1. Tell me which residues, restricted to the range 358-374, are in a loop (DSSP other than H, G, I, E, B), at pLDDT 75 or above and touching a helix residue (DSSP H, G or I) at 6+ places or on another chain (Cβ under 8 Å).
2. Could you give every pair whose Cβ atoms fall below 6 Å, whose first residue belongs to the range 462-491 and is within 18 Å of Asp102 (Cα to Cα), and whose second residue is open to solvent by 10 Å² or more (accessible area, probe 1.4 Å) and not in a loop (DSSP other than H, G, I, E, B), counting only separations of at least 6 or pairs across chains?
3. Does the range 213-222 include one or more residues that are of a type in the set (S, T, N, Q) and either in a loop (DSSP other than H, G, I, E, B) or more than 8 Å from the ligand (Cβ to nearest atom) (or both)?
4. Conditions first: (1) open to solvent by 10 Å² or more (accessible area, probe 1.4 Å); (2) within 16 Å of the ligand (Cβ to nearest atom); (3) closer than 18 Å to Val17 by Cα. Asp506 passes all but one, so which condition is the exception?
5. Can you tell me which residues in the range 428-461 are under 17 Å from Gln356 (Cα atoms) and free of Cβ contacts under 8 Å to residues at least 40 places away in the same chain?
6. So Trp114 fits all but one of (1) open to solvent by 10 Å² or more (accessible area, probe 1.4 Å); (2) touching a residue at least 40 places away in the same chain (Cβ under 8 Å); (3) more than 14 Å from the ligand (Cβ to nearest atom); (4) not acidic (Asp, Glu); what number is the exception?
7. Could you list, in sequence order, the residues of the range 293-335 that are in a helix (DSSP H, G or I), within 11 Å of Gly192 (Cβ to Cβ) and open to solvent by 30 Å² or more (accessible area, probe 1.4 Å)?
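The values are calculated or read from the model by the stated rules, or taken from the named source; none is laboratory data. Worth saying up front: this structure is predicted, and the values here are computed from it rather than measured. Counting neighbours? That spans all protein chains shown, and the Cβs are built from the backbone with ideal geometry, glycine included. Accessible surface is based on the protein model in full, side chains and every heavy atom, while ligands, DNA and RNA are left aside. Shrake-Rupley method; radii C 1.70, N 1.55, O 1.52, S 1.80 Å.
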Amino acid sequence: MQTYDFIIVGSGSAGSVLADKLSASGRFSVLVLEAGGTDRRFYVQMPLGYGKTFFDPAVNWNYKAEPDPGLGGNADHWPRGKLLGGSSSINAMVWIRGAREDFDDWRAAGNPGWGYDDLLPAFKALEDNEAGADTWRGVGGPLHVTDCSNTVHPLTKRYLAAGKQAGLPLNPDFNGAAQEGVGIYQISTRNGRRMSAARAFLRPAMKRANVRVETNALASRILFEGKRAVGVEYLQNGRTNTARAGREVILSAGSINSPQLLQLSGIGPSALLKGLGIPVVHASENVGANLQDHVGINYTFKGKLPTLNQILRPWWGKLLVGMQYILTRSGPLSLSMNHAGGFFRTDPAFSRPNMQLYFQAFSTVIPKGGERPILTPDPWPGFSIGLSNCRPSSRGEIMIRSRNPLDYPKIVANAYSTNADVDEMLAAVKFVRKIAAMPAMAEIIAEEVLPGPSIQSDADLITDFRKRSGTVYHPVSTCRMGPDPARAVVDPRLKVHGIEGLRVIDASIFPDNITGNTNAASIVTGWKGAELVLEDHK
Ligand SMILES: Cc1cc2nc3c(=O)[nH]c(=O)nc-3n(C[C@H](O)[C@H](O)[C@H](O)COP(=O)(O)OP(=O)(O)OC[C@H]3O[C@@H](n4cnc5c(N)ncnc54)[C@H](O)[C@@H]3O)c2cc1C
């Protein structure tokens, strides 16, 4: 059995950073186990290719949540990246750090070192922001962030003007001084190619002799000596292998698989483990609990002006944008679908935004089986204003169903299961209609297609958003960080409470969800986590 200093399970947003930082000095040997395969695929590298990878089992776990009463009984599709770079290789690339207050709340909950000012140097150091450096942004880091102000669809201007008319400030940088307002999203790409965590961190690390990456290697169990983690068992090519960790085992398998692997290994709710016949190594009721996610919905309109639909749908348009992309790495295929967005408060009494907006100059009302129809939109000029909640109070859970590591765990989201979450979404969808009713937008809207003008009463609006909402792919907090073992899975240094030699470092440790998309915060968690690990192994 081979021994490495560190074994990292998962090469996603956080795992890629860890592989890089733990191997940089050359002092430590690092093994990365990745259940998926390579990220060298056209639809992974091409930014808008995420429409294709959304259901592709070759790169995607394709989870399905349990039927959710809060979502009108729907069983939601939960994509997760299963390849080098993890979800950062299949995500929508919107680069949002979260609000200062999110991280300050983490710190205030008893997690020293996790406040915004503590993390700001890392946020700046890891990025190479095309918009340039200032108090908030960094240049020269490994992860390139693209400023899309000159490349977004012309309709975006209308959206920004309507947002202003509806009372929101124009925000030049959501990762800058303030988050509130409407603005253009920065995205994680470089020269028209996706800038995943694998591209920024893992690929450079893989050139080092002290890094070994095993793909198609599914970690099935953590190995213990007493209460110390000493290695990992994994399945690869039909064989069961083991590797030993001289220093630490680090789980970076993401918010679904990190708690799953802990539970399979005997760390989790004792009744669940005993019921499945898994010997309890350490009882921890919070493993898999506290699931928090963002849910969102689109309001879709038929426009009087051409949108991306007119170019992405016809064969000649596809040919045109395809050629443009291949020859110049530019055009709609080099961007996210979310050209602009924003943050707003559903109640002026709130101290900060609780809702996020997305503007998409295209529409996909007509469903297409097995594909997120980004590349085959509706035949008419459609566009959408989407929104999602930022800090909902609903809580779900992720629990294994069996001892079999190949069985998918049960995902119970419990979306909109609190009155507060329903109330704020009701206020939010009304605000989306307010934006659409502003002169800059109203002039170019032929009709509201979804939900449509017949949906007016509060009861109908609620029924509609329950039926049409879904995850916006930001599950967190299933191995949450906190000082109290009775309430958290890992301590502020990301060590699993009650166990030696084992950390969890990924989005599952967020004490609470952040105001915005979760990739940047997952990457910074990897960065900060690596610093903590290195401090303990001087
Ligand atoms: C479709 C989609 C769109 C998104 N859009 C955005 C966006 O626009 N902006 C944004 O900021 N965020 C977005 N996100 C969210 C963001 O990408 C994630 O929050 C972030 O990547 C999570 O990082 P992580 O390190 O926790 O996990 P991941 O990046 O998911 O990494 C986990 C890795 O572990 C591997 N793994 C799991 N189990 C095992 C095992 N047992 N053995 C070995 N390997 C294992 C997985 O295959 C995966 O590679 C999106 C996510 C999705 C899915």
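1. Restricting attention to the range 358-374, the residues satisfying the condition of being in a loop (DSSP other than H, G, I, E, B) are 361-372.
From the residues that got through so far, the ones that are at pLDDT 75 or above too are 361-365.
Result: Ala361, Phe362, Ser363, Thr364.
2. Close Cβ pairs (under 6 Å, with a partner that is open to solvent by 10 Å² or more (accessible area, probe 1.4 Å) and not in a loop (DSSP other than H, G, I, E, B)) amount to Val476/Ala507.
3. Keep residues of the range 213-222 that are of a type in the set (S, T, N, Q), which gives 215-216, 220.
Applying the additional criterion that residues be either in a loop (DSSP other than H, G, I, E, B) or more than 8 Å from the ligand (Cβ to nearest atom) (or both) yields 215-216.
Yes, the range 213-222 contains a residue that is of a type in the set (S, T, N, Q) and either in a loop (DSSP other than H, G, I, E, B) or more than 8 Å from the ligand (Cβ to nearest atom) (or both).
4. Status for Asp506: all satisfied but (1).
5. Pass one, the range 428-461, residues under 17 Å from Gln356 (Cα atoms): 428-436.
Listed by number, the list holds a single entry, Lys430.
6. Going through the list (1) open to solvent by 10 Å² or more (accessible area, probe 1.4 Å); (2) touching a residue at least 40 places away in the same chain (Cβ under 8 Å); (3) more than 14 Å from the ligand (Cβ to nearest atom); (4) not acidic (Asp, Glu), Trp114 breaks only (1).
7. Within the range 293-335, Gln324, Ile326, Leu327, Thr328 meet the criteria.
Residue-wise test of (1) of a type in the set (A, V, I, L, M); (2) in contact with a helix residue (DSSP H, G or I) (Cβ under 8 Å, 6 or more places away or on another chain).
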residue	(1), (2)
Ile326	yes, no
Gly331	no, yes
Ala349	yes, no
Gln356	no, no
Thr376	no, yes
Phe383	no, yes
Glu397	no, no
Pro409	no, yes
